[in-house]
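See structure below.
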């Protein structure tokens, strides 16, 4: 197990370099950011030249990349164009996103698995069809539509929740955004759980447990659920990284200044320190989450052994 | 297998159903409880302590007067600084603020006397040096300030401190000279009679000694001499301002402070406005325009501002720079049904334009509706004749470029549909979204546009000069069209040298008539200032720059 | 994009070492029923096809392949029939929109902006005054093309790369998996902005290419997992013992059994790709006029639904129905292909 972990950690390095380099190149492909700093006016050539010098924009791409990555290892993630260091942007953005992701994650786990279990056990009945149709609807409606509709209905019209999240957001202000963010993943978790529960409810060991006279709840929780959850755990693990980096639409609608929002600002202003800085941290989180899921997988299923 | 299935259903998995119901019910109750206690709709963050919550956008550049070129930073600078002049919110006329008097004998050399006893909020006095040092610091190229052109360019010595290329030859401008603590003189490079009226712009603000000692530290929490001081500033999120106790000017705040909140999206701030969590919102989304008056029970302002929207043409492209193409442009202008667009798309928050200035100037200031002739009048048959009879649209298809990260798609599509309907060809005109504002500006600055592009102008100060010279003079800073006309250039110089306001206006209007013949841009509409406000506040008005007059707002 | 596993294997997590057969597969293969081309990896344990003595095999009808069994089940499945017909209907609408309406989707009269349903215009008008019904009908082509082509593209690319990675293992596996990780790490908006602004045209094919580039890692992961699971089966060992070459094993033994989860995920992915087109339009980097698509209309109408809901309802409804149809199809196909769910 130890050697496996080390091998995976080593493999993270090329992925890290590959992703950050790719993002760096992509932000640069967007073009020169200096002209936009002058707003709607033509840039003053002297100032523009000085700014390009200051941000090393005249250096060849590989040198800019190395300079930036070198800076990261000393904790300097660069500065956004308004003078704000990227680390302080991260300091406010990550806690907000982590809170939102936590709410969404809990929702998707609890409600998704619950729905999946119920519909998996009652396969073919009306509950199952209902859950199926609901999940399909949720998958087919784009997030921004769900977001706007819920914000208007629950936030403005009926006043059930606050329409937007404050700064910093409190947990009850994150429930509605959490629902919106979790909705598609919730549907996936429900369907996945349903499939595996339905498969496994025919397994021999389940029949044995029932024949032994165990109460239904125990059969479900101790035997069925434990075995069925492996693919679900896999999915949840990868979803964590996706939730954190992909909450852009939700954050925009509910005024949560998290990672997605900062990424959007960075991209819109073509500020590569912000974009590469945030993506770097996201990549690390994503890789670590993957690794943990893989290790967890070995824990959950004793037949899996890592050389 | 069938047997097994039946038995498994019977024996006890149904018990699960009960558990599920209980769990789900509890969860729902818990959720409802937190929701209710969370103050849904009421808004704990907007309690009545006299502080007005207002919408804000995140300034892109540091909050230094000579580095701020957009309206969000400008709004704060207007709150924390009082410059030599201010623009009356109701009449847009420049009025002396810190200036005691500004005199000149020859429209080129000015003597400025400032009022005594003014202090910055850190207690230090405001002197002539506060102005002169600030202007020198901002103009010095080594400080990389991006908003000095065209404000400081008329001053003698500017090209020495801020050459186009190469190292600066001096740190101070030769045209600025301090006489005593309350007097200084300014020498311009050319006659410019209305120059004193430009001094209300935020770039001309004075700066305290604390700034020069350490600009970065000052910028964390700027110190000024205006009606408000900054209590706290969380960059990118919010800024809290409270009244300046040492302020001795005329704009005394009628509230206990302002809390500026940065929002990620215009719809989010509008949702907060409707639910009472936000007091003043001057960034209404286009989706709210139709219903704002009803949603807010009349608490909606739709007032003229100094903003003109146009479509620009790349005259550096040979195909567009012919006399025939000028006629085609006139035809394009004629094919745009401005009245219907401003009514249906903008719900009358825009007014069809018929000159190159804005109504806020008033007739005395140079606003002259109808100055723009055919190109601003909707005339489908004539339009088709002009376009078809002069070689059609260069390149075969008109593209109107715009930056996709702002709210332009709707009106660009409407303009194109109007042109398509007139020409009877659904592919005659098409919108061309560019991914980011930065990319859009890059293409414009690099002069690589091949078709028309969205263009516009928000005035820096309410003078007709500001609508013409910075845009249409040869080589001007905002001349994105490579437009060059000897007549216009010489008329501009004559206007600036004219001794009286009326003569300046006349000359500039003559320049406009020439622009009407050449049509580097086609005026579309004047954009109004819009704001909505909550039931907690009153006396909300917008200044001519469509920024709320924060110090006048009263909160219950 | 969410990684949804199909039936059987653990959906592509990489153990790096020895991997036992997936949790729910039996080790007890019935040797008598091995047919060298066409056996599912795991027999249904619960008795529907009991072991048959070898001599009786010839006496019965020719043993059916997995695909023939699946088709027989599908034919009888009402969900498959309904979704199949629906998809056929949508395809006809996409290919021949003129059959459904004679109004042009580009004929817009601003005077009718945001009006509701009137005679001859059952769905009302949008903000520009264009007929919503015509735009919904014509929009099917772009949206379905994007969905179908992007799915086919990413499924092909993902299956080839993921399948090879699973089959060959070793350094090749590591390389492909890490490449997939890299692509996973790119935020959609950044990728969209760059890719779609660097490309001068923003045609359907560019958007398809972008989605393929973003979507192949998910399918590669599924394919890899499925191939690894299939690789462990005894019949593969048997085939190798019989002297089958790598290609033959891959094509005739492994792929047919591994392809079921790929199909399922692909049909779900198709649904999400069609919805993704709408999100790209919302972010400003999707298809652009004069292309007509549901995504463009939905993103334009998203925030005006309070007072003009018809502009959002019909394109969003059409999109939902399409996604529903494809996912139902995927469900039916999976149910037919998966013996454990019989």
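What follows draws every value from the coordinates through simple rules; no lab data is involved. Since this is a predicted model, take the numbers as computed values, not measurements. Cβ sites come from the backbone with ideal geometry, for glycine too, and all protein chains shown count toward neighbours.
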(message) Using a 7 Å offset from the Cα along the Cα-to-Cβ direction at both residue A:57 and residue C:232, what is the distance between the two label points in nm, to one decimal?
(response) 5.4 nm
(message) Given the -39500 (n - 2.57) contribution per DSSP H run of 4+ residues, what per-residue ellipticity at 222 nm results for the protein assembly as shown, rounded to the nearest 500 deg cm²/dmol?
(response) -16000 deg cm²/dmol
(request) Largest first and to the nearest Å, give the Cα extent of the protein assembly as shown along each principal axis. (result) 120, 67, 57
(request) Within a 10 angstrom radius of each residue's Cβ in C:301-310, how many Cβ atoms of other chains show up on average? Whole number is fine. (result) 6
(message) So if I take the centroid of the Cα atoms in segment B:394-459 and the same for segment C:271-342, what is the distance between those two points in Å?
(response) 28 Å
(message) I'd like the per residue volume of the convex hull spanned by the Cα atoms of segment B:324-367, given in cubic angstrom.
(response) 78 Å³
(request) Indicate the gyration tensor shape class of chain A (rounded, prolate or oblate), computed on the Cα atoms with a ≥ b ≥ c the square roots of the eigenvalues: a/c under 1.5 is rounded; otherwise a/b larger than b/c is prolate and the rest oblate. (result) oblate
(request) Decide, for segment B:442-556, between rounded, prolate and oblate: order the square roots of the alpha carbon gyration tensor eigenvalues as a ≥ b ≥ c, take rounded if a/c falls under 1.5, and otherwise choose prolate if a/b is larger than b/c, else oblate. (result) oblate
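To the nearest µm²/s, what D does Stokes-Einstein give for segment C:125-279 at 25 °C and 0.890 mPa s, using the Kirkwood radius over alpha carbon pairs as Rh?
In µm²/s, the coefficient is 142.
Given 4 °C and 1.567 mPa s, compute D for segment B:40-148 with the Stokes-Einstein relation, Rh being the Kirkwood radius over Cα pairs; round to the nearest whole µm²/s.
The calculation lands on 76 µm²/s.
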(request) Post the alpha-carbon centroid distance, segment B:532-556 to segment B:500-529, in whole angstrom. (result) 31 Å
(message) Bins of 10 Å, beginning at zero and ending with the bin holding the largest distance: percent of Cα pairs per bin for chain B, please.
(response) 3, 16, 24, 24, 17, 8, 4, 2, 2, 1, 0
(request) Would you order A:164, A:238 from fewest to most other beta-carbon atoms within 10 Å of each residue's own beta-carbon? (result) A:238, A:164
(request) May I ask you to list the residues of segment A:242-272 whose amide nitrogen lies under 20 Å from a point 7 Å from Cα along the Cα→beta-carbon direction of residue A:40? (result) A:269
(request) Could you list the residues of segment B:114-143 with an amide nitrogen less than 20 Å from a label point located 7 Å from the Cα of residue B:171 in the Cα-to-C-beta direction? (result) B:127-143
(message) Could you tell me the calculated FRET efficiency between residue A:292 and residue A:134, based on Cβ-Cβ distance and R0 = 30 angstrom, to the nearest 0.05?
(response) 0.45
(request) Assuming R0 = 60 Å, can you tell me the calculated FRET efficiency for the pair residue B:379 and residue A:212, based on Cβ-Cβ distance, to the nearest 0.05? (result) 0.10
(message) Can you give me the C-alpha center-to-center distance between segment A:98-141 and segment B:292-333, rounded to a whole angstrom?
(response) 50 Å
(request) Using only the alpha-carbon atoms of segment A:41-198, report the extent along each of the three principal axes, biggest first, to the nearest angstrom. (result) 72, 38, 28
(request) Using only Cα atoms, figure out Rg for segment A:244-288 and give it as a multiple of 2.2 N^0.38 Å. (result) 1.11
(message) Compute and list, largest first, the equivalent-ellipsoid semi-axes of segment C:235-289 from the alpha carbon gyration tensor, each √(5λ) rounded to a whole angstrom.
(response) 42, 11, 6
(request) Would you mind telling me which residue in A:130, A:192, A:114 has the biggest mean-square fluctuation in a Gaussian network model of chain A, where springs connect alpha carbons within a distance under 10 angstrom? (result) A:130
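What ranking of B:66, B:377, C:247 emerges when the number of other C-beta atoms within 10 Å of each C-beta is taken as an exposure proxy, fewest first? Provide the component values of the computation, followed by the final result.
On the way: B:66 25, B:377 16, C:247 8.
If I rank by nearby Cβ atoms, fewest first, I get C:247, B:377, B:66.
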(message) Once you keep just the Cα pairs under 8 angstrom separated by 6 or more residues, what percentage relative contact order results for segment B:237-328?
(response) 16 percent
(request) Evaluate 2.2 N^0.38 Å with N set to the residue count of segment C:198-342, then give the Cα radius of gyration divided by it. (result) 1.41
(message) On C-alpha positions alone, give me the angle between the axis of helix A:175-200 and the longest principal axis of chain A, in degrees, nearest 10.
(response) 40 degrees
(request) Run the quick spin-label model on residue B:231 and residue B:190: label points 7 Å from Cα toward the beta carbon, then report their separation in nm to one decimal. (result) 4.9 nm
(message) With a cut-off of 8 Å between alpha carbons and a minimum separation of six or more residues, what is the relative contact order of segment A:1-159 in percent?
(response) 7 percent
(request) Please give the FRET efficiency for residue C:95 paired with residue B:450, using the beta carbon to beta carbon distance and R0 = 51 Å, rounded to the nearest 0.05. (result) 0.90
(request) With the Cα gyration tensor of segment A:210-307 in hand, convert its eigenvalues to equivalent ellipsoid semi-axes via √(5λ) and list them largest first in whole Å. (result) 40, 18, 6
(message) How far apart, in nanometres, would the label points at residue B:538 and residue B:217 be if each is projected 7 angstrom from Cα along the Cα-to-Cβ direction?
(response) 4.6 nm
(request) Treating the angle as unsigned and between 0 and 90°, give the value, to the nearest 10°, between the Cα long axis of helix A:226-245 and the longest Cα principal axis of chain A. (result) 20 degrees
(request) Give me the angle, in degrees from 0 to 90, between the Cα long axis of helix A:272-300 and the longest principal axis of the Cα atoms of chain A, rounded to the nearest 10. (result) 20 degrees
(request) Calculate how large, on average over all directions, the projected area of the Cα convex hull of segment B:126-232 is; give the answer in nm² to one decimal. (result) 7.4 nm²
(request) Taking only the C-alpha atoms, wrap a convex hull around segment C:174-247 and report its volume per residue in Å³ as a whole number. (result) 119 Å³
(request) Rank these for me by crowding, A:55, B:402, going from fewest to most other beta carbons within 10 Å. (result) A:55, B:402
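How high is the relative contact order of segment B:416-496? Use alpha-carbon pairs under 8 Å, at least six apart in sequence, and give a whole percent.
Relative contact order comes out at 15 percent.
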(message) For peptide B:425-437, what's the mean number of Cβ atoms from other chains within 10 Å of each residue's Cβ?
(response) 5
